[in-house]
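The values are calculated or read from the model by the stated rules, or taken from the named source; none is laboratory data. Note that this is a predicted model, so its numbers are computed, not measured. Quick reminder, even Gly has a Cβ in these numbers, built from the backbone with ideal geometry, and neighbours come from all protein chains shown. Just so you know, the surface numbers come from the protein's heavy atoms only, side chains and all, with ligands and any DNA or RNA stripped out. Shrake-Rupley method; radii C 1.70, N 1.55, O 1.52, S 1.80 Å.
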Amino acid sequence: MRKILTILLVTFTISLFALKNWKVYTNTTHIFDVIDTGNELLIATWGGLVSYDLDNNSFGKTLTTIDGLTNNDIRVLDYLEGTDEILVGTAGNGINRIGNNDFLTPLTEMLGLQSNTINKITHNDSLIFVATKSGVSCFIDDPDFPFPLLLRNYNVENGLSANDITSMQLTQGGNIFFGSTAGLDYVHIDSMDVVTSWHHLNSGNSILPSNNVTSISISSGKIAIGTDSGVFLSENLLDFTQAILIDDGLAIYPVYVDDQLNLWYSYGLWDLDRLILTDTMDIAITRISAEGDLEIWDKNESGLTTSKIKGFKEINENVIAFSWGEGIFLYNGVDWENIKTNSISANVVTDIEIDMKSKVWVCNGHYGDGLISKGTRGVSGYDGSNWINYNSSNSDLISDNITSIGVDTSNRKWFGAWSTVNSVTGWFSGISVLDDSASPEWDWITAYSDSIYNNCISHIRRDSENRMWVCSYDGGVSVLDENENLISRFTLPNDEYQKVIITHNSGNRVSVGSYFNGLRIWEHSSIPNTIHNYWTVPPFSDLTSSCKVFEIDSKDNNGIEETWIASSTGLFMYNGEYWYKYGANIKKKVWDGSQWFWNEDNPDPEYWYYEGQERLYGSITTYPTALFIDPFGMVWIGTQDAGITIFDTKRDKFVNLTTENSALISNTIIDIAYESQTGTLYIGTNSGLNSVEIGISAEMNQEKVLFGTVVYPNPFYPESGDILRIENKSAITMPKGNTYCRIFDLNGDLIMEIEKDIYEQFSWSGLNKAGKKCGSGIYYYIISAPDGQTDKGKIVLIR
């Protein structure tokens, strides 16, 4: 691929405001594969497709799903030199094809693939071989068709010893080798359709130390086979009688034979379910030269920072080792040079917190013990330019399974670790406290100090009085001051489980959510205690039994305090007097004291959706998993699998964002947070982090320059519900202060003078200063800032 594919994302207009400057943050240091396309390296990671310019020694753009990939988890790459086409094998969405700076028709099960989970790809002229978890597919790349055509599929019925192929190598002579947990299968590509032409090597008919083949490498007739019990090495590709074993009994992964016939390998086993390398050693890389000389590099020696090696390649006569978590290592003959992107530490984002210096902090743990596939990698901080990552190996972070983050008044970060047992060596439980005002300094809070109930931490937050509320799963809630001193603590009344996972203060109300038993409310401004009668429960079962509360937020609605709850049983709102439940079929129900009421016999737009109205969750059956109320009163509702719904409660409008109509990286939303200085909303998902600018309030507006204006939609159609936006070009707001907009007709008469809206920009509905509709025609606007800056433009209004 000669140029990086770029797709321009247009601004997404929502109601009165626009979502601008979408960005995606994924981890790209965990590498599955690397290929050389001549002028650049393409790097397959679990967070997208990365390019590296070999001439300038710099990273280029990372392609993700917002650019057109069908999956960010890329398992293998192949470069078709004849057509300058890249084949991108994914973990569940088949093969993406990139050519001529565009995405071509993908190869999927619809076109004959055995499975959309791709393990390996190789080619011979126009033949393309794809190893999947369900067998091997052979395609022919015919230039007369827009996509390769399936020739045949191979599985245990017609040649293979197992369907889930872990490794595949094709020689220049046309012999193809397949590794699996059943040993080694090989055949010439001209004879694949003849079952008796297939050969099978296993521990029963050879000295192969194990049938679990982890990797294969072939060069000039020399073959190395990595297994979970050693290396099988043969100087003769098709005659294994003189083969030898190396490191018998040790788990070997991966193996590589370079062009000079040197053997390179590392130690470990690949755990596909958890996406980790296990059984690794302090020895990172071993090389045995063609003459038999042995050289060993240990972890943390000669530039190597890990022993978790995922593969080897030869680039420009230099061997590179690509790793699981530390990027690429280039061997220059003496030392290893690290080539690594600066990125977030993992692709699961379970909690987001903004500190007092507008730095974004995220964690990726889970409510459970042990590792998860794309998380449990510690915490990450982002200052707008660079990421810094802390884990239990490179810092004093107590565990990599961090589930919650809080920030105290000294801007120290509190990282809560989830653990009921210390299931991973080196992990502990409790709270790690980071002071990064200068050099990082760490402190710890544990139950042994009697300040918190137990060390399994489910939630941390700071309230408006700068107290830190700490939820201990299987325990209760502890309230600490900024010096970590205990102020008070309490458990939930009449709750035998005490699986507390969230608290929220809002004025005269404290809401406490649990993992199993829904919601409890303390109807007072004080810190709750266990036995007082301020405790209440919702008067219906939806929020009291077999219910998990994911998030709680609140807002002021004309002096009435509204508490919003996202739970496994739906979206609820409580205003101190009435309970409301919102759904995809019935817009709103109100609890009347004995049952849910929605004026069933007389459809009322207050409760029912009107025809054509966009609905909560886009009418998809799902439940809310994240909740955030922005400074403008919009309720952002993240869901389990339907993206985000933005609920404008004043205008009774819903807008749905999904991976299909926006730059969302995933439809599974876990957390949402807002950075007020830049007006940026951060969205945590199960596949990475999104950010998007939504606007800032007048109090936060520091803009001084009127750069010019952008008007959209133009022409605009008020009768179709359009709202005209006039925005400061390249800025998130108009200049602060008394900046105003005047609109004139063709005769020069003043039609309307507009003040800035809540987003510190201008919006016009097409009405004049008398509140009447302006007719179709051309209008002119003039923007005037307090210091004399002006800008003007033309508007086309069509009724």
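Okay, here's what the table says:
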{"read-out": "Candidates Thr305, Thr341, filtered to the one that is in a loop (DSSP other than H, G, I, E, B), in contact with a Gly (Cβ under 7 Å, 6 or more places away or on another chain) and surrounded by fewer than 22 Cβ atoms within 10 Å (Cβ to Cβ)", "value": "Thr341"}
{"read-out": "Odd one out for Leu371 among (1) at pLDDT 95 or above; (2) open to solvent by 40 Å² or more (accessible area, probe 1.4 Å)", "value": "(1)"}
{"read-out": "Matching residues in region 759-799 - criterion: being open to solvent by 60 Å² or more (accessible area, probe 1.4 Å), out of contact with any Ser or Thr (no Cβ under 7 Å at 6 or more places or on another chain) and part of a loop (DSSP other than H, G, I, E, B)", "value": "Lys769, Ala770, Lys772, Ser776, Asp787"}
{"read-out": "Sole exception among (1) over 28 Å from the mean Cα position of the chain (by Cα); (2) among the charged types (D, E, K, R); (3) open to solvent by less than 40 Å² (accessible area, probe 1.4 Å) for Asp351, by number", "value": "(1)"}
{"read-out": "Qualifying positions in region 327-361 - of a type in the set (D, E, K, R) and either out of contact with any strand residue (DSSP E or B) (no Cβ under 8 Å at 6 or more places or on another chain) or closer than 30 Å to Ile460 by Cα (or both)", "value": "Asp335, Asp351, Glu353, Asp355, Lys357, Lys359"}
{"read-out": "Residue count for region 94-121, restricted to those that are open to solvent by 40 Å² or more (accessible area, probe 1.4 Å), free of Cβ contacts under 8 Å to residues at least 24 places away in the same chain and under 21 Å from Gly47 (Cα atoms)", "value": "0"}
{"read-out": "Selected residue (criterion: farthest from Ala224 (Cα to Cα)) from residues of region 297-332 that are among the aliphatic types (A, V, I, L, M) and touching a residue at least 60 places away in the same chain (Cβ under 8 Å)", "value": "Ile328"}
{"read-out": "Filter pass, Asn401 being open to solvent by less than 40 Å² (accessible area, probe 1.4 Å), under 25 Å from the mean Cα position of the chain (by Cα) and not acidic (Asp, Glu)", "value": "yes"}
{"read-out": "Whichever residue in region 671-691 is of a type in the set (Val, Ile, Thr) and surrounded by 21 or more Cβ atoms within 10 Å (Cβ to Cβ) and, among such residues, is nearest to Val635 (Cα to Cα)", "value": "Ile672"}
{"read-out": "Top-ranked residue in region 638-655 [being of a type in the set (S, T, N, Q) and open to solvent by 10 Å² or more (accessible area, probe 1.4 Å); ranked as farthest from Thr350 (Cα to Cα)]", "value": "Thr649"}
{"read-out": "Residue match in region 390-406 (condition: among the β-branched types (Val, Ile, Thr), in contact with a Cys (Cβ under 9 Å, 6 or more places away or on another chain) and part of a loop (DSSP other than H, G, I, E, B))", "value": "no"}
{"read-out": "Some residue of region 710-726 being open to solvent by less than 40 Å² (accessible area, probe 1.4 Å), of a type in the set (Ser, Thr, Tyr), modelled with pLDDT under 95 and within 30 Å of Thr658 (Cα to Cα)", "value": "no"}
{"read-out": "Near pairs, Cβ below 7 angstrom, 6+ apart or cross-chain, from region 438-450 (closer than 19 Å to Ile405 by Cβ) to any residue that is among the β-branched types (Val, Ile, Thr) and surrounded by 10 or more Cβ atoms within 10 Å (Cβ to Cβ)", "value": "Trp442/Val433; Asp443/Val433; Trp444/Ile398; Trp444/Ile431; Trp444/Val433; Ile445/Ile431; Ile445/Val433; Ile445/Ile452"}
{"read-out": "Region 239-256, residues that are assigned to a strand (DSSP E or B) and open to solvent by 60 Å² or more (accessible area, probe 1.4 Å)", "value": "Ile244, Leu245"}
{"read-out": "Single residue of region 449-487 satisfying the filter (among the hydroxyl-bearing types (Ser, Thr, Tyr) and open to solvent by 30 Å² or more (accessible area, probe 1.4 Å)) that is farthest from Asn508 (Cα to Cα)", "value": "Ser449"}
